[in-house]
Amino acid sequence: MPVLTFANTKGGAGKTTAALVLASELSARGIRVTMLDADPSGWLTRWYQKQAVTPFLTVQPVCDETIEETTVKAKKAGGYVLIDLPSSGETVLARAVALADRVLVPVQGCAMDAQGGAEVLDLLNELDTRCNVKIAHSVVLTRVNAAVTTRALHAAKDFLSARGIETMTTPITERAAYRDVFDKGGLIHDLDPLEVSNLSRALDNASRFADEVLDLVPQRALLRRPSAAVPLRPAA
Ligand SMILES: Nc1ncnc2c1ncn2[C@@H]1O[C@H](COP(=O)(O)OP(=O)(O)OP(=O)(O)O)[C@@H](O)[C@H]1O
Ligand SMILES: [Mg+2]
């Protein structure tokens, strides 16, 4: 079953939020999701412990040593496996990238100068050109202001496409719901529309984002590349 890794070595790029937005939407649709929390800060694990969520969604903490075995087991359970990486940790990054059917690189708005996103993209490019290991990947624009989406998004997409970087059409917009869900626990879908502003817009954004992910990485019929040992640093 598909493994999606959320990676950006820049802290605060929106990895955990993007992963939870997707997980919320998939599990609300009845699609099984296993989230692997590779961040020692354990934000997802803490969120999961706050409130019971649908039985379709589970969160398991992982570390350098356990990520491979846990991913293999999670894949057997079916559905999607989402790996949330910390901003640092070369070993866990290399392992999570090697396990991925697609790496999603959350980048805030049009800040492609955000060094971390570029580092992950460089790593993926180097793996391709030097080691012939091709790992599908896309940038996900995050924290996009919905009110100025069009102009900002066009600029960001132009920037990225000029560099040959695939960018998802649907950005993750800046929404109170995506913050509040970490405080309250449960799915974004369980939040109270009377308490959270623009919840319906957040849900709509989550739905469009999930649709695009499902198109990019369908649940079945994945042609897996042969699993590759990804070196921590590609050989020069
Ligand atoms: N789309 C969004 N709407 C509102 N707030 C957001 C959004 N994305 C991220 N944030 C907020 O920005 C901060 C950083 O987001 P997040 O924790 O998802 O980033 P991260 O890349 O996982 O960070 P780290 O590298 O520390 O793990 C958090 O406070 C989060 O609530
Ligand atoms: Mg995080």
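The values are calculated or read from the model by the stated rules, or taken from the named source; none is laboratory data. Bear in mind that the values here come from a model prediction, so they are computed numbers and not experimental data. Glycine also receives a Cβ, built like all others from the backbone with ideal geometry; neighbour counts cover every protein chain displayed.
Got a number for residues in region 184-210 being out of contact with any Ser or Thr (no Cβ under 8 Å at 6 or more places or on another chain) and not hydroxyl-bearing (Ser, Thr, Tyr)?
Summing the residues that are out of contact with any Ser or Thr (no Cβ under 8 Å at 6 or more places or on another chain) and not hydroxyl-bearing (Ser, Thr, Tyr) in region 184-210 gives 14.
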Requested in this report: Check region 5-25 and report whether any residue there is crowded, with 23+ Cβ neighbours inside 10 Å and away from ligand 1 (no atom under 16 Å from the Cβ).
Outcome: no
Query raised in the report: Can Ala19 be described as within 13 Å of ligand 2 (Cβ to nearest atom), farther than 18 Å from Val217 by Cα, in contact (Cβ under 8 Å) with a residue 12 or more places away in the chain and touching a strand residue (DSSP E or B) at 6+ places or on another chain (Cβ under 6 Å)?
Result: no
Query raised in the report: Applying the selection to region 56-69, what residues are surrounded by fewer than 20 Cβ atoms within 10 Å (Cβ to Cβ) and not acidic (Asp, Glu)?
Result: Phe56, Thr58, Gln60, Pro61, Cys63, Thr66
Requested in this report: Need at least 2 residues that are at pLDDT 95 or above and touching a strand residue (DSSP E or B) at 6+ places or on another chain (Cβ under 9 Å) per element, so show me which helices (runs of 4 or more DSSP H) inside region 145-236 make the cut, counting only ones lying wholly within it.
Outcome: 199-216
Query - Flag if Thr34 is part of a helix (DSSP H, G or I) and among the β-branched types (Val, Ile, Thr) - result: no
Report task. Check Val105, Val81, Val53 and return the single one that is modelled with pLDDT under 95, surrounded by 21 or more Cβ atoms within 10 Å (Cβ to Cβ), away from ligand 1 (no atom under 12 Å from the Cβ) and not in a helix (DSSP H, G or I). Result -> Val53
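Which residues, counting only those in region 162-203, are within 16 Å of ligand 2 (Cβ to nearest atom) and either in contact with an Asp or Glu (Cβ under 6 Å, 6 or more places away or on another chain) or not aromatic (Phe, Trp, Tyr) (or both)?
If the condition is that a residue be within 16 Å of ligand 2 (Cβ to nearest atom) and either in contact with an Asp or Glu (Cβ under 6 Å, 6 or more places away or on another chain) or not aromatic (Phe, Trp, Tyr) (or both), then Ile172, Arg179, Val181, Asp183 are the ones that fit.
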